[in-house]
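Beneath this line is the structure, given in structure tokens, with notes to follow.
Just so you know, all these numbers are worked out from the coordinates, no wet-lab data involved. The model shown is predicted, which means the values in this text are computed figures rather than measured ones. We place every Cβ from the backbone using ideal geometry, glycine too, and count neighbours over all the protein chains shown.
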Amino acid sequence: MPPETHRAIHAVWRLESAKLIAGLTRYVRDIGIAEELAQDALVAALEQWPTAGVPNNPGAWLMTTAKHRAIDHLRRVERHGRKHVELGQAIDARRDEPAAVLDAALDDDVGDDLLRLVFTSCHPALSSEARVALTLRLLGGLTTQEIARAYLVPEPTIAQRIVRAKRTLADENVPFEVPRGPELAARLSSVLEVIYLIFNEGYSATSGDDWMRPTLCEEALRLGRIVAGLMPDEPEVHGLVALMEIQASRARARVGPGGQPVLLNEQNRALWDRLLIRRGLAALERIDALGGARGPYAVQAAIAACHARALTPEATDWARIAALYAALYQLSPTPVIELNRAVAVAMAEGPAAGLVIVDALVDEPALARYHLLPGVRGDFLFKLGRFAEARVELERAASLTRNARERDLLRERVAACDRALAGESR
């Protein structure tokens, strides 16, 4: 196959697969079968496009091909009397409909179908890992190999998660719909959590040799923008998009020439993407225009905006950031947020003030294996000239992190403690 054809098919699949699966799911009422039908259409494209050429409207070609396979599937279900009797009844009702009517059944409400697919793939009946894998598969168009590579997990593990997730959705009879009323808020939080988990793994990889995984950041941003377009009146959707846009703006500055991490105050801010920052700030303005109190994602976006507006590290309004973390803690009282507040307080008032907050978190069970707790405490101790204590904390942080780049950075800090101690002994 010519490389350019292969690239074209890959690009079309990334753009069109979610709409394809969403429309087919509404028709066949099974997300697993819908994905199989979409994959069949992709196989047909791989077989035909290299010789026939890429069609002028490749998305429509895939949808038309998938429609024919959906009709064949429903007729087989009816003919063999399988358990989904209602599907056979559906095809009975539609058997004599003209092709244009059947086309409309799949093409109407594409946006609604995508939203249904988002809520279905992020259903709380699935584990967090399963929701992430299924979302990247169905909405991101990533292969199991790509997801496995991004998360440094064996490919069979990802494949099993996806299979089990689809089986769970079928066994639980999860409806292909957007929930309404009180259930919407709970389900929406699951959707936003999944997108944020994907973004965070790309922004600060939990393990492996790379500090960042840009593909995951890009996929999360794309998914967030889709949901924001489909749910324009939901402030927290815009809050998450604002947060991701502003965080992603620092991507080029966060990694050094050798792939090493570059911390926030050491970054070349000229490398920050001003377009992404403007988009993030515009999303924040959209939240204010919608009215009401800011939710957790919007508050985090406001914190990110404080950094984005500061042209130099010295211009950062750390007092406001500390206040925003205090407000965030009221909304979501977790020790990780308190640890972040400690960093802001230390920057605003000095490391001794930050250390008081961190010392109160030392016995927090949720942070027992969290490498950033000893990492932050070690940083404060170093700045206070308590180098021996700092060394112990930074060594512990290095032993807890699973990211090789971060481990190297922490070991450099340990070496700095050694040099400081050697200087004291002279």
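Descriptive notes on the structure:
- When +1 charges are put on Lys and Arg Cβ atoms and -1 charges on Asp and Glu Cβ atoms, the dipole computed for the chain relative to its Cα centre reaches about 640 debye.
- Shown for Thr25, Thr5: other C-beta atoms within 10 Å of each C-beta, ranked fewest to most, produce the order Thr5, Thr25.
- What you get for region 317-368, charging only the Cβ of Lys and Arg (+1) and of Asp and Glu (-1), is a dipole of about 180 debye around the Cα centre.
- Within straight-line cross-link reach of Lys19, aspartates and glutamates at Cα separation under 13 Å, skipping those fewer than 8 residues along the same chain: Glu35, Asp107, Asp108, Asp109, Asp112, Asp113
- Normalised by the number of residues in the chain, the average gap of Cα pairs under 8 Å and 6 or more apart makes the relative contact order 10 percent.
- Dimensionless Rg over Rh [region 317-368; C-alpha; Kirkwood]: 0.97
- Its Cα gyration tensor gives region 307-426 an equivalent ellipsoid; the semi-axes, largest first and in whole Å, are 25, 18, 14.
- Among Ile321, Ile21, the order by Cβ neighbours within 10 angstrom, fewest to most, reads Ile321, Ile21.
- Only the Cβ atoms of Lys and Arg (+1) and of Asp and Glu (-1) were treated as charged; on that basis the dipole of region 257-368 about its Cα centre amounts to roughly 600 debye.
- Count Lys and Arg as plus one, Asp and Glu as minus one, and take only other residues whose Cβ is under 11 Å from that of Leu126; the net charge is then +3.
- A Stokes-Einstein calculation at 4 °C with viscosity 1.567 mPa s, built on the Kirkwood radius of region 235-394 over Cα pairs, returns a diffusion coefficient of 78 µm²/s.
- Relative contact order of region 129-262, taken over Cα pairs closer than 8 Å and 6 or more residues apart, is 19 percent.
- Positive-end ranking of Pro335, Ala353, Ala319 along the dipole of region 317-368, with charges on Cβ about the Cα centre, is headed by Ala319.
- Dipole of the chain, positive end: most advanced residue of Leu276, Val43, Val237 [Cβ charges, Cα centre]: Leu276
- In terms of other Cβ atoms within 10 Å, Glu183, Glu155, Glu36 run from fewest to most in the order Glu183, Glu155, Glu36.
- Using C-alpha pairs under 8 Å with a sequence gap of at least 6, the mean separation divided by the residue count of region 283-407 gives a relative contact order of 15 percent.
- More than 36 Å apart - percent of Cα-Cα pairs taken over the chain: 36
- Sum of side-chain charges, Pro257 neighbourhood, beta-carbon under 15 Å (Lys, Arg +1; Asp, Glu -1): 0
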